Every structure is written in C-alpha cells, then in structure tokens.
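One structure is given here, and the rest of the page talks about it.
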Amino acid sequence: VEKRKIILYIATSLDGMIAREDGGIDWLFSDQDYGYTAFYESVDTLIMGRKTFEQALSFADYPYAGKQAYVLSRHGMTVSRADVELTSDLPGLIRSLRSRPGKDIWCIGGAEVVKQLLKIGELDELRLFIHPIILGHGIPLFEGSRSDIRLQLLDTRAYDSGLVELHYKYRTHRSS
Ligand SMILES: NC(=O)c1ccc[n+]([C@@H]2O[C@H](COP(=O)([O-])OP(=O)(O)OC[C@H]3O[C@@H](n4cnc5c(N)ncnc54)[C@H](OP(=O)(O)O)[C@@H]3O)[C@@H](O)[C@H]2O)c1
C-alpha cells in the first residue's frame with residue numbers, strides 16, 4: 001500500500017501571492033476544472049488555517065461539505081459543522097493522520113500553515129497553479145523560510161488560459 005501523502009494544492013500569482021492584502025481572491029480563474037475534480041476525489045482529509053476556513057464559510061456554499069477537515073486555531077472558535085474539527089496541535093495532527101491509513105491529505109492553506117508544514121518537512125508534494133498576474137502586494141505563500149527547501153519537479157502543465165501548473169516533490173530529508 002502506498003503511503004498517504006500530504007499535498008499542497010494551491011493557486012498563486014506569478015509573484016507568489018495567494019491572496020490580496022485584504023484576502024481577496026477575485027483574480028483566481030475558475031473557467032475550467034484544471035484537474036481539481038480528480039484531485040478532490042483522491043483526498044479524504046483537509047488541513048487548513050482558521051483564516052482560510054473562515055473564508056470558505058463565507059461562500060454561499062461551504063465548498064468542502066462531507067470531507068473531513070481539520071482547522072488549525074490557537075485561540076479557538078465555535079464550529080457547528082460535523083465534518084470540521086478544530087485543533088491547536090499541528091505536529092500532533094500530522095502524526096495522527098500519518099499513523100492512520102487513508103487517501104491523500106490536502107493542505108488547502110493558507111500561508112501560515114504552509115510555512116510551518118514546510119519547516120517541519122511534512123509537505124510531500126506541492127501543486128502550484130500559477131496565474132498570469134503580478135499582484136505586487138498580498139499574502140505571500142513563501143516568505144521567511146530560514147533554510148533552503150529543495151524540491152524535485154515532477155510535472156508541468158500549461159493551459160491556454162495562461163495558467164501554469166508546477167508539480168513538485170519535497171526533496172530535503174525529514175528531520176523527524
Ligand atoms: N490562492 C489560494 O488557492 C488560497 C488557498 C488558501 C487560502 N488562501 C488565502 O489565504 C488567506 C489566509 O492565509 P493566512 O496565511 O493569512 O492564514 P491561514 O494560514 O489560513 O490561517 C492562519 C490562522 O491559523 C491558525 N494557525 C496557524 N498555525 C497554527 C498552529 N501551528 N497551531 C494552531 N493554530 C494555527 C491561527 O488561527 P487563530 O488566529 O484562530 O489562532 C492563525 O491565525 C486568505 O485570504 C485566503 O484567501 C488562498
């Protein structure tokens with residue numbers, strides 16, 4: 001049995017922003033599927049930060065209904081959904097998910113959670129959907145990483161819309 005992977009699947013601008021400074025994602029394409037349906041089928045667990053979760057809740061329909069989600073929050077909040085669990089222990093969550101069999105795990109974001117997963121070497125793959133736009137300002141996906149993080153390119157795909165997918169595998173050895 002193949003080990004379940006933790007995969008970052010995320011859209012960025014060419015300059016590596018995941019949202020405008022105010023959290024705006026109006027610049028993201030949704031004109032076609034871009035492999036999302038197949039990817040969504042391949043995961044059974046979601047990890048996201050509290051801010052990303054709150055944005056998902058603000059949509060007309062919560063986009064991840066029925067999929068087990070773990071939302072990170074230090075301060076806590078009230079969650080009334082049965083498919084969402086809050087946690088303040090990221091390493092504990094990862095340990096627990098890796099010790100259980102299952103499909104792959106989607107790290108939705110945001111930047112704060114991604115930064116920590118990269119730092120502890122717990123992101124197995126990155127699938128970046130680079131949009132043909134330079135925002136100049138915003139929430140950067142990669143900022144302030146203290147050492148080199150080496151990646152191996154697995155695949156690339158370019159779309160007529162100008163969107164490019166870069167698919168990487170984490171190469172640096174896990175510290176734990
Ligand atoms: N482009 C895309 O595809 C995409 C995807 C996802 C998100 N986004 C954007 O990303 C933005 C949010 O990103 P962000 O980096 O600002 O925030 P985030 O990572 O979504 O959430 C940060 C929050 O997560 C909690 N947290 C983080 N690390 C934790 C830990 N180790 N233990 C416990 N709790 C932890 C804290 O919540 P508390 O404050 O409650 O303690 C923290 O304030 C949104 O604007 C969204 O639009 C874009």
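Sort Glu2, Glu41 by heavy-atom solvent-accessible area, probe 1.4 angstrom, most to least.
Sorted by accessible area, descending: Glu2, Glu41.
With θ set to phi - 60°, apply the Karplus curve 6.51 cos²θ - 1.76 cosθ + 1.60 along the range 42-51 and write out the HN-Hα couplings as whole Hz, x wherever there is a Gly or Pro.
With the stated coefficients, the range 42-51 comes to 7, 10, 10, 9, 10, 10, 8, x, 4, 5 Hz.
Just to confirm my numbers, what's the Cα centroid distance between the range 124-174 and the range 83-111 in Å?
21 Å
Label points 7 Å out from Cα along the Cβ direction at Val164 and Arg100: separation in nm?
In this crude spin-label approximation the distance works out to 3.9 nm.
Tell me, what is the per residue accessible area of the range 1-147 in Å², probe radius 1.4 Å?
Value for the range 1-147: 54 Å² per residue.
Once every DSSP H run of n ≥ 4 in the chain is given -39500 (n - 2.57) and the sum is divided by its residues, what mean residue ellipticity at 222 nm do you get, rounded to the nearest 500 deg cm²/dmol?
Using -39500 (n - 2.57) per qualifying helix, the result is -5500 deg cm²/dmol.
Classify the chain: rounded, prolate or oblate, from the alpha-carbon gyration tensor (a ≥ b ≥ c, eigenvalue square roots; a/c under 1.5 rounded; otherwise prolate if a/b is larger than b/c)?
rounded
Which residue, Tyr34, Tyr159, Tyr64, tops the fluctuation ranking in a GNM of the chain built on C-alpha contacts under 10 Å?
Tyr159
Taking amide H positions as placed in the peptide plane 1.01 Å from N, state which residues far from Asp104 in sequence (5 or more) or on other chains have amide H under 5 Å from it.
Amide H to amide H, under 5 Å and 5 or more residues apart or across chains, Asp104 pairs with Lys5, Asp44.
Using a Gaussian network model of the chain whose springs link C-alpha atoms within less than 10 Å, name the residue from Pro140, Pro101, Pro91 with the highest mean-square fluctuation.
Checking each option, the largest mean-square fluctuation is seen for Pro101.
Apply the Karplus curve 6.51 cos²θ - 1.76 cosθ + 1.60, θ = phi - 60°, to the phi angles in the range 2-8 and return the couplings in whole Hz, x for Gly and Pro.
3J(HN,Hα) across the range 2-8, in whole Hz: 6, 5, 6, 10, 9, 10, 7.
Please report the antiparallel percentage of DSSP beta bridges with both residues in the chain, rounded to the nearest 5.
Once the DSSP bridges in the chain are tallied, antiparallel ones form about 40 percent.
Using a cut-off of 13 Å between beta-carbons, work out the net charge of the residues near Met17 (Lys and Arg +1, Asp and Glu -1, Met17 not included).
Residues near Met17 contribute -4 overall.
Got a sec? What order do His131, His137, His167, His75 fall in by accessible area at 1.4 Å, biggest, i.e. largest, first?
His75, His137, His167, His131
Leaving ligands, DNA and RNA out of it, rank Phe29, Phe53 by accessible area with a 1.4 Å probe, largest first.
The residues order as Phe29, Phe53, largest area first.
Aspartates and glutamates near Lys3 by alpha-carbon distance under 12 Å, same-chain residues fewer than 8 away left out - which ones?
Asp104, Asp124
Suppose every Lys and Arg Cβ carries +1 and every Asp and Glu Cβ carries -1, with no other charges. What dipole size does the chain come out with about its Cα centre, to the nearest 20 debye?
So the magnitude is around 920 debye.
Find out how many positive minus negative residues lie around Glu125, taking Lys and Arg as positive, Asp and Glu as negative, among other residues whose Cβ is under 13 Å from that of Glu125.
Once all neighbours under 13 Å are counted, the net charge is 0.
Enumerate the amide H contacts of Gly110 below 5 Å, restricted to partners 5 or more residues apart or on another chain; note that Pro and chain-start residues carry no placed amide H.
Amide H neighbours of Gly110, under 5 Å, 5+ apart: Gly49, Thr52.
Rounded if a/c is under 1.5, else prolate if a/b is larger than b/c, else oblate: which is the range 1-100, with a ≥ b ≥ c the root eigenvalues of its Cα gyration tensor?
Taking the square roots of the gyration eigenvalues as a ≥ b ≥ c, the range 1-100 is oblate.
Roughly how many percent of the accessible protein surface of the chain is carbon and sulfur, given a 1.4 Å probe and a whole-percent answer?
Heavy-atom surface of the chain belonging to carbon and sulfur, 1.4 Å probe: 50 percent.
For the range 130-139, in order, what is each residue's ³J(HN,Hα) by Karplus, 6.51 cos²θ - 1.76 cosθ + 1.60 with θ = phi - 60°, in whole Hz (x at glycine and Pro)?
Result, ordered by residue: 7, 8, x, 8, 10, 7, x, 9, x, 9 Hz.
The values are calculated or read from the model by the stated rules, or taken from the named source; none is laboratory data. The shown structure was predicted, so the numbers you read here are calculated from the model rather than taken from an experiment. No Cβ is skipped: glycine too gets one built from the backbone with ideal geometry, and neighbour counts run over all protein chains shown. These area figures cover heavy atoms from the full protein model, side chains too; ligands, DNA and RNA do not enter into them. Shrake-Rupley method; radii C 1.70, N 1.55, O 1.52, S 1.80 Å.
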